[in-house]
Amino acid sequence: MAISFVRIDDRMIHGLITVRWGKEYPCDGIIAVNDKAANNAILAEAYKAASDKKTFVWTLDHFNQVRDKVLSSETKYFLITKNPQDMKTILVDMNFKPGDIKTIIVGPGNDREGAIKLGDNQSFTQSEGDAFEAIEKNGYNVEFALLPDQRLGGWNKFKSRFGY
């Protein structure tokens with residue numbers, strides 16, 4: 001299996017990813033997918049520098065082009081997107097299957113105008129909620145957890161706050 005962990009995290013790559021989550025789900029590398037980050041050389045290099053592992057920062061289109069190579073790789077990767085909409089594009093629209101992984105872990109979501117606060121540092125907009133719903137309807141479990149031992153709960157616990 002080439003994907004060992006799937007996460008949505010508005011900071012994408014940081015110490016908690018490489019240290020804490022890396023202990024729970026061992027990996028050899030990180031694939032971060034976000035068009036804005038991939039198209040900004042300075043931002044992409046900053047994300048790569050935040051990890052001591054083999055790290056890629058790709059656009060959605062590039063990920064779609066190399067997805068089969070990722071799955072057939074012997075390298076175990078974390079797959080991370082900056083927002084739920086990008087993860088929905090990968091899992092639902094592209095119909096990418098990350099091996100036997102069925103749980104998508106959602107990390108930080110900054111407080112913003114119009115965002116619904118689920119817990120500390122976990123606030124999401126209606127369009128992000130729509131993406132969570134689509135991901136769940138596609139057979140995945142969406143779980144909100146900043147850290148392995150700080151789990152807030154699953155999408156079913158919060159979806160009524162988004163009209164579902």
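Of the numbered conditions (1) farther than 14 Å from residue 7 by Cβ; (2) within 18 Å of the chain's Cα centre (by Cα); (3) of a type outside the set (D, E, K, R), residue 148 fails exactly one; give the number of that condition.
Tallying (1) farther than 14 Å from residue 7 by Cβ; (2) within 18 Å of the chain's Cα centre (by Cα); (3) of a type outside the set (D, E, K, R), residue 148 fails exactly one: (1).
State all residues of the range 4-27 that are modelled with pLDDT under 95, aliphatic (A, V, I, L, M), on the phi < 0 side of the Ramachandran plot and buried (at least 16 other Cβ atoms within 10 Å of the Cβ); if no residue qualifies, say none.
Matches in the range 4-27: 13, 16, 17.
Considering only the range 1-117, give the helices (runs of 4 or more DSSP H) lying wholly within it that have at least 2 residues that are free of Cβ contacts under 8 Å to residues at least 24 places away in the same chain, among the small types (Gly, Ala, Ser) and out of contact with any Asp or Glu (no Cβ under 8 Å at 6 or more places or on another chain). Outline the logic, then answer.
Working: elements: 35-38, 41-49, 60-72, 84-88.
Correct list: 41-49.
Residue 98: buried (at least 19 other Cβ atoms within 10 Å of the Cβ), closer than 27 Å to residue 125 by Cβ, within 16 Å of the chain's Cα centre (by Cα) and not hydrophobic (A, V, I, L, M, F, W, C), yes or no? Outline the logic, then answer.
On the way: buried (at least 19 other Cβ atoms within 10 Å of the Cβ): yes; closer than 27 Å to residue 125 by Cβ: yes; within 16 Å of the chain's Cα centre (by Cα): yes; not hydrophobic (A, V, I, L, M, F, W, C): yes.
So residue 98 passes the test.
Any residue that is of a type outside the set (S, T, N, Q), in a loop (DSSP other than H, G, I, E, B), within 20 Å of residue 5 (Cα to Cα) and free of Cβ contacts under 8 Å to residues at least 40 places away in the same chain - is there at least one of those in the range 130-145?
So the first thing to find is which residues in the range 130-145 are of a type outside the set (S, T, N, Q), and the list is 130-137, 139-140, 142-145.
Okay, now just the ones that are also in a loop (DSSP other than H, G, I, E, B), so 139-140.
From the residues that got through so far, the ones that are within 20 Å of residue 5 (Cα to Cα) too are 139-140.
If we keep only those that are free of Cβ contacts under 8 Å to residues at least 40 places away in the same chain too, we end up with 139.
Yes.
Restricting attention to the range 28-58, which residues are at pLDDT below 90 and within 21 Å of residue 74 (Cβ to Cβ)?
Once the filter is applied, which keeps residues that are at pLDDT below 90 and within 21 Å of residue 74 (Cβ to Cβ), the range 28-58 yields 51, 52, 53.
Has the range 84-95 got at least one residue that is surrounded by fewer than 18 Cβ atoms within 10 Å (Cβ to Cβ), closer than 18 Å to residue 3 by Cα, more than 16 Å from the chain's Cα centre (by Cα) and not acidic (Asp, Glu)?
Looking through the range 84-95, none of the residues is surrounded by fewer than 18 Cβ atoms within 10 Å (Cβ to Cβ), closer than 18 Å to residue 3 by Cα, more than 16 Å from the chain's Cα centre (by Cα) and not acidic (Asp, Glu).
Give the range 120-164 a look and list any residue that's under 22 Å from residue 13 (Cβ atoms) and either surrounded by fewer than 18 Cβ atoms within 10 Å (Cβ to Cβ) or charged (D, E, K, R) (or both), or say none.
Selection gives 120, 121, 128, 143, 147, 148, 149, 150, 151, 152.
The values are calculated or read from the model by the stated rules, or taken from the named source; none is laboratory data. All values derive from a computational prediction rather than experimental measurement. Methodologically, a virtual Cβ is constructed for each residue, glycine included, from the backbone with ideal geometry; neighbour enumeration extends over all protein chains shown.
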